[in-house]
Each structure stands twice: as C-alpha cells, then as structure tokens.
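Visitor: For reference, the structure I am asking about is given below.
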Amino acid sequence: MEHHEHREHPTTADATGADTARTGGVRVEVLVVPDCPHQGPAEERAREALADVGLAGRVVTTRVIADEEAAERAGFTGSPTILVDGRDPFAPDGAAKPALTCRLYRTPDGLDGVPDRAALRRALEAALAIRATAARQGSAD
C-alpha cells in the first residue's frame, strides 16, 4: 500500500506543482520508506537547495513507499530518493533494482544519507534550464 504524506510550507505552488509552468519552478518529491531516519534531513536539504536557486518556499512533497510493489512502480532504489520533476538525478548507474532499503549518497565529505546540497542545487538548475529551453521553443512555435 502506497501512502502519500504531503507537508505544506508557505509557497506559490500547490502540492502538485500546478504553477510550475508559470513560474519556471520545479516539482520536488522525497520518496522514503516508513520511519526513514533521513526523511527530515532530505526534506530540509531539498528546501535549502530550492532556496539556493531562487525558489524558496516551494512545496516539497513526501511519498512513503511501503511495499515492494510500490517500490517497483516508483522505480524506488532506496530511501530517501529525491525526485526533481519526476526524475531521480542521483539514480545509481546500471540496472539497480527497486528495493525497500536505505540509500547512501557520495558527497565531498564521504557517504551520507542525503545528497550534497551543491549537487542537489545543480540538479535543480539543470531542471530549470530544461524548462526554460522548452518554454523558449514553445513560444517560438
């Protein structure tokens, strides 16, 4: 059974990211297993990185992945997973199998339970650049 938990913060977007096209923002979702000790730090890191790219106050949505079926559907390779516009910018190389397990990230300071703030900021900047390019191409039509 897949459980959705939405944490609201002051924002210009709703939990679905409905105004992302208008603002050029991105959707950020944190996927976790139940009782993941890194859920809070992952949510905080996502909010910090959003602020770094000028999107302070955006909603960070959290989804709890409670069983193997949900992990398979989500392509979930460990907790926490941070999705940017539905994509895992830190996806492991190769054919990692979906699993209900903890996830570690390589950071400049060694392994950590959440991605490095600068790496997450770069992932957000890349998503913003993709959106800007798509918007320019759309307006050129």
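Visitor: How many nm separate the modelled label positions at residue 107 and residue 68, each set 7 Å beyond the Cα in the direction of the Cβ?
Guide: For residue 107 paired with residue 68, the spin-label model returns 3.2 nm.
Visitor: May I pose another question? If you place +1 on the Cβ of every Lys and Arg and -1 on the Cβ of every Asp and Glu, how big does the dipole about the Cα centre of region 38-105 come out, in debye to the nearest 20?
Guide: It comes to approximately 100 debye.
Visitor: Still on this structure: Using the beta-carbon distance between residue 122 and residue 35 and R0 = 25 Å, what value does 1/(1 + (r/R0)^6) give for FRET efficiency, to the nearest 0.05?
Guide: On the way: r = 30 Å, r/R0 = 1.19.
E between residue 122 and residue 35, to the nearest 0.05, is 0.25.
Every number in this text was worked out from the coordinates using simple rules, so none of it is lab data. Remember, it's a predicted structure, so these values are computed and weren't measured experimentally. Cβ coordinates were reconstructed from backbone atoms using ideal geometry, including for glycine residues, and neighbour counts include every protein chain displayed.
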